[in-house]
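What follows is a single structure, written as structure tokens, with notes after it.
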């Protein structure tokens, strides 16, 4: 595989990566402080467990990044196995 600076250039960005990168950029020049940024794995898929850095909440998601009902845990609670 062709790697340069540990970035793989063999495939287009996945939905998760596009979602993450659009939020990192923010809207125009305004960065989104406190916005939830989705976490993608090495293959660009949504990680099964997502956590919001600002609030400390964690939850499980499906392959499309949609929250699974009943999986959200508050800050400090034991995380559930997604």
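The values are calculated or read from the model by the stated rules, or taken from the named source; none is laboratory data. Predicted model only: the values in this text are computed from it and were never measured. Here the Cβ is made from the backbone with ideal geometry for all residues, glycine too, and neighbour counts use every protein chain on show.
Worth a mention:
- Among the residues of the range 57-82, the one identified as over 18 Å from residue 40 (Cα atoms) and part of a strand (DSSP E or B) is 73.
- Within the range 62-82, being touching a residue at least 40 places away in the same chain (Cβ under 8 Å) and in contact with a strand residue (DSSP E or B) (Cβ under 7 Å, 6 or more places away or on another chain) holds for one residue alone: 65.
- Tally of residues being modelled with pLDDT of 65 or more, more than 24 Å from residue 56 (Cα to Cα) and loosely packed, with under 12 Cβ neighbours inside 10 Å across the range 10-40: 3
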